[in-house]
Amino acid sequence: MSDRLIYLPLGGAGEIGMNTYVYGYGPEGKERLIVVDLGVTFPDMEGSPGVDLIMADAAWLEANVNRIDGIFLTHGHEDHIGAMAHLWPKLKAPVYARRFTAHLAQLKMEEAGLPSDMIRIVEPRPKAVEIGPFRVQFVPVSHSIPESSALVIDTPAGRVVHTGDFKLDGNPVVGEPFDPLEWHEIAHEGTGVKVLCCDSTNVFTHTPGRSESTLVAPLKDLIAAQKGMVVATTFASNVARLKTLAEAGRAAGRSVCLLGRAMRKMVQVAEETNVLKGFPATLSPEDGVEVGREKLMLIVTGSQGERRAATAQLSRGKYLGFEMKEGDTFLFSSKTIPGNERSVIRIMNALSEMGVDVVDDRGGLYHVSGHANRPDLDAVHDLLRPQILIPMHGEHRHLREHAKIAAAKGIATEVATNGTMIDLTGVAPKVVEYIETGRVYLDGTVLIGALDGVVRDRIRMALNGHVLITVIIDEDDAPLGDAWVELMGLPERGKSGGDLMRIVEDELSAFLESAPDKVIRNDDKLDEALRRIARQVAMEEIGKKPEVTVVVSRLMAE
Ligand SMILES: [Zn+2]
């Protein structure tokens, strides 16, 4: 049997988040495998209330664990490394990353009480990792976190370029610029690029992307013009932005204070790994509160409205001794990720009620995206001239649009969503298999399948409320006393004006008195009958059918 080159996305293709991609090379079904990124995505109240993190279902990888030669991390964003501590223990392969990313991944493992010595630091191209049939080089690209990398994966079937998340930025403030000369070289070595797996996030944005450095002047002007306290929020991992903000604050004669554990950790790791140099001196929160508000700038976590982060705390009142007042300014130097709009707007209104001027990115002055826009994608296609283009990192509409662009240029392409295994050996991609895949939830400290029913039950209880019914049946199969009811998440009184709990109890007790023996003796029948009555009564009284739990206790004859 001849060898083949395969690609299999398990997360990140058909959604933005939980990036997890697999490449393989070898005889069919026996390919050696590498995994690119182990990311998470975040839950929301509507679809996954109470869930802590969402990640790809790694069942297929677990079933093929002996074939995995290594895990490669392109960069340190949560949607690329966030599942390390949860999925790595199932895979146990060596992990390769550049220094800053490796450091973040190590912290994650250590915080979870796991070993971190399998994470190996790799220097960028021309250094390479040779494992199994693969030769993998990390190539610096610009993005919104330091040390982002594309992977150049050489296989006996040809060269694959996995872009990771990237933008074209010649002056990214912190970290390496996108280097067209290097990419020209990559495109022209050997037989060139066979496959380009490419970021699709901004495929619908038709203007060329802007450099991080274009924000320096507008941010300086904005902060210099403020009178009261200035607070700015952005992603903690956007170290370049933190630097620009801090420098703008210092230039305006303000002391700068970082609030939020994630933010201080990012700056610390960036300094320790030499990614960040010359970050302005900052004050601790304890010292910051002593500074007059007109001389103070806070840079804080929580740009996406996260409930427990500093932004939300400040919108609710005093936090670590700081309090926002009339005449202060709050800057969102960030984009609100779809799904977070309501939380962010709620915070903006709360700040507005305090008399705080809220500045966001409406005009594009105070934030730039970390992903390549359509003209930039075009430029990369033209630079790399791949034989095959596989769109990744996007919702279905992004992938499809990106594939259309490729097809229009005569590049062979395929829309491959999570679970679609593609054979890349020939001149065109070929779908060869659909792998059963899905999502896994971290719920508290336990991993559960998204389809296990746990969260479905939780949503039903949240939406419908809950009734607990307890009845006792004596040794002679007769009800002992009345039914006993507890309500949770339901109004106390219904249409009749009476106490809902009592009304349900009375109906149930009346039923028990006259119920035939065959129902009383049979747990299932009794359960069903009591449940039906409770739901019926609730429907009449409050117009809702709650979830019902029936507990039947039977006394045994001595
Ligand atoms: Zn990213």
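Values for this structure:
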item	result
Distance (nanometres) between label positions extended 7 Å along Cα→Cβ at L555 and E492	3.3 nm
Per residue accessible area of the chain, 1.4 Å probe, in Å²	44 Å²
Computed over the range 212-359: relative contact order in percent, which uses C-alpha pairs under 8 Å that are six or more apart	28 percent
The range 50-94-the range 251-326 distance, computed between alpha-carbon centres (Å)	32 Å
Carbon + sulfur, % of accessible area of the chain - ligands and nucleic acids excluded, 1.4 Å	50 percent
Extended-chain gain in nm, criterion 0.36 nm per residue less alpha-carbon gap, E182 and R308	41.1 nm
Net length gained if the chain between M461 and R521 were fully extended (0.36 nm per residue, minus Cα distance)	18.7 nm
Estimated FRET transfer efficiency (D482, T445; beta-carbon r; R0 56 Å; 0.05)	0.90
Relative contact order %, the chain, counting alpha carbon pairs below 8 Å whose residues are six or more apart	14 percent
Mean Cβ count within 10 Å, highest first, over the residues of peptides 515-521, 398-404	398-404, 515-521
Net charge, D524 excluded, C-beta distance under 13 Å - Lys, Arg +1, Asp, Glu -1	+2
Percent of beta bridges antiparallel (DSSP, the chain, rounded to nearest 5)	50 percent
All aspartates and glutamates inside 19 Å of K545 as judged from Cα atoms, apart from same-chain residues fewer than 8 positions distant	D457, E486, E492, D499, E505, D506, E507, D527, E528
Projected label distance in nm at A224 and E271, using a 7 Å step from Cα toward the beta-carbon	2.7 nm
Span per principal axis, largest first, for the Cα atoms of the chain (Å)	88, 74, 45
Net charge contributed by nearby residues that have their C-beta within less than 13 Å of A310 (K/R +1, D/E -1)	+4
Relative contact order [Cα under 8 Å, 6+ residues apart], the range 406-490, whole percent	15 percent
Given K243/K265; K167/K409; K265/K318, the pairs whose alpha carbons are separated by over 19 Å	K167/K409; K265/K318
Mean Cβ neighbour count within 10 Å, used as a protection proxy, ranking 70-77, 425-432 highest first	70-77, 425-432
Radius 13 Å from Cβ of L377, net charge of other residues (Lys, Arg +1; Asp, Glu -1)	-2
Residue-averaged [θ]222 nm for the chain, counting only DSSP H segments that reach four residues, each worth -39500 (n - 2.57)	-9000 deg cm²/dmol
Cα gyration tensor shape of the range 212-359, rounded if a/c is under 1.5, else prolate or oblate by comparing a/b with b/c	rounded
Net length gained if the chain between Q536 and A428 were fully extended (0.36 nm per residue, minus Cα distance)	32.9 nm
Cα centroid separation, the range 143-180 to the range 493-558 (Å)	64 Å
Ranked by how many other beta carbons lie within 10 Å on average, peptides 385-396, 330-341 from highest	385-396, 330-341
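The values are calculated or read from the model by the stated rules, or taken from the named source; none is laboratory data. These numbers were taken from a predicted model, which means no experiment stands behind them. As a convention, Cβ positions derive from the backbone with ideal geometry for all residues, glycine included, and neighbour counts pool all protein chains shown. Please note that ligands, DNA and RNA were not included when accessible areas were found on the heavy atoms of the full protein model with its side chains. Shrake-Rupley method; radii C 1.70, N 1.55, O 1.52, S 1.80 Å.
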